[in-house]
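Where a number appears in this text, it was derived from the coordinates with a stated rule and is not lab data. All values reported here derive from a predicted model rather than from experimental measurement. We place every Cβ from the backbone using ideal geometry, glycine too, and count neighbours over all the protein chains shown.
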Amino acid sequence: MTNGISKKSIRFRFRMTTIIILIIMTIIFIYSNRMKDKIIDDYNRYMDINVKLSNLSLEFNKRWSYFNSYYQEKNREVRDAYVKSNVRIKELMDYVEPYVKQDKDSSIFFRNLIGMNEWFQNNSYLVIVRDESTRSYNDYTNLRTMNNYISKHANSLMGSYLRHTESKYSNILAEYKTVDTNIYMLLTLTIFISMMIFKLVSDDIVTKLRTLSEYANKLSNAEWDTPDIVEESYKELDEFTHTLNTMKNSIKEYINKLNEAAKIESDLQKEKIKNIEKDKIIKETQMKALQMQINPHFLFNNLNTVSRMAMFEGATNTVEIVDAVSKVLRFNLSQRDNFIQLRDELDIIEAFDYIHRIKFEDRFRINYNIDKDLYSIKIPPMIIQLLVENAIKHGFTGTNKEGEIDIKIFREKEFVVIEVEDNGRGICKEKLASIKRGEDIKKNKYSTGLGLMNVRKRLELYFDRSDLLSIDSMEGLGTKVRILIPVERG
């Protein structure tokens, strides 16, 4: 693109021109309106004062009429009207005073009017309150003469203030006409300049667009040897020109790359779908296989126990152990859910415990330490049962000491912790290391691999984590297995 030239977009140029025009017109409009409002306000104020002065002159005449009637008729209602008329005169004079004082001539008439009005009020009250015997025609004549002077001064005040307002209004109107003429001239000039700018810019844009259109037609006809078009000084047109030049030089390569990328993306999506389906099938198959691995092993051992009990004991113990075996067997065969409540697992362990205590002649016992608030937590089925069975079979085989299995279940942060600990034979270091690494353990007389590997794989499949099972053991002291159940899943 062209270097060394500061390029502005077409939109920016039109927008700035429009904004400037709008700002100028707005200023002109606001100023014109304010001038008109000022003239109207001044005119209304002047007219209002003139009306008030006219009312004042009329009120002076009314007051004399009331005074004259009272002087002749002595009517109390007429006297009250006279008093109210004086109040109205006072209100009107207070209202017009600040405006009248703005004119020198009007201010002189107004001061004289104030003095004459005060004299008239004072003397008229004296005439009214005197006894009839003390009234004189001379006082009445003086008051009538003063009222005439007041009327003349009121009319003179109106004329003086009217001349003042006419002069003021004429000056404001002349000023407004001058400003209004200048405004219209400025507005006309602004519109003319704006139209010329718009015309020049639009003609230039049309010329460049016509050139670009001819260039685009050549490209549409596959004339790839056409020389690159020269970029101009408009940002949008330069971007479009640059795009056309780039498109001409790379369109074939771009289409090939696009097709290749689409093929790769399609292959990846198909592979992802296959992997998802394969993982799902593998997990379901592994889960079913692990659960099927438990039942035959358990059923075989306990049916032998039932057989020996039937031979050597009476029917009562046989019934009890058969009930326990049936309970465990029925649970295993009917279990179809991926999760069960903790209380259901513990019920099966109690039956499992009874069977093996009979089998091993009470050479071990199970101790429970369980948080009662966790009985309704959901866990994978048979994981505690497998650990207990593993401890009984492999922890106490080959020993004569009394065995103990401690089952502890409690809450720890975001996990439910299940600990199964025995005081049996323990696991040697080499075998313990192999189990922790997840290596396959060959079955032998004292192997612990089947139960622990089963539990580990099921936890990984259920929770998609490999850190939920840990084993601590010392040979000759016992083994402790710790399972973490995430609370959000349980």
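A few points about this structure:
- Arranged from fewest to most other beta-carbon atoms within 10 Å of their beta carbon, Lys52, Lys62, Lys36 become Lys36, Lys62, Lys52.
- Annotation: extensible slack from Arg111 through Glu97 equals 4.1 nm (criterion: 0.36 nm per residue apart, minus Cα-Cα distance).
- The residues packed around Asp41, meaning those with a beta-carbon under 13 Å from its beta-carbon, carry a net charge of +2 if Lys and Arg are +1 and Asp and Glu are -1.
- You can think of it this way: the chain between Val417 and Met474 has 18.4 nm of extra reach, that is 0.36 nm per residue less the Cα-Cα gap.
- If R0 equals 56 Å, the separation of the Cβ atoms of Leu22 and Asn50 corresponds to a calculated FRET efficiency of about 0.85.
- Taking only the alpha carbons of the stretch 10-206, we obtain Rg and Dmax values of 29.6, 107 Å in that order.
- Around Ile370: net Lys/Arg minus Asp/Glu count, Cβ-Cβ under 10 Å: +1
- On full extension, the segment bounded by Leu173 and Ser250 gains 20.5 nm, given 0.36 nm per residue less the C-alpha separation.
- Ordered by the count of other Cβ atoms within 10 Å of each Cβ, fewest first, Leu212, Leu469, Leu22, Leu92 give Leu22, Leu212, Leu92, Leu469.
- If R0 is 56 Å, the Cβ-Cβ spacing of Ser220 and Ile193 corresponds to a FRET efficiency of close to 0.90.
- Hull volume per residue, based on the alpha-carbon atoms of the stretch 118-190 and their convex hull, is 86 Å³.
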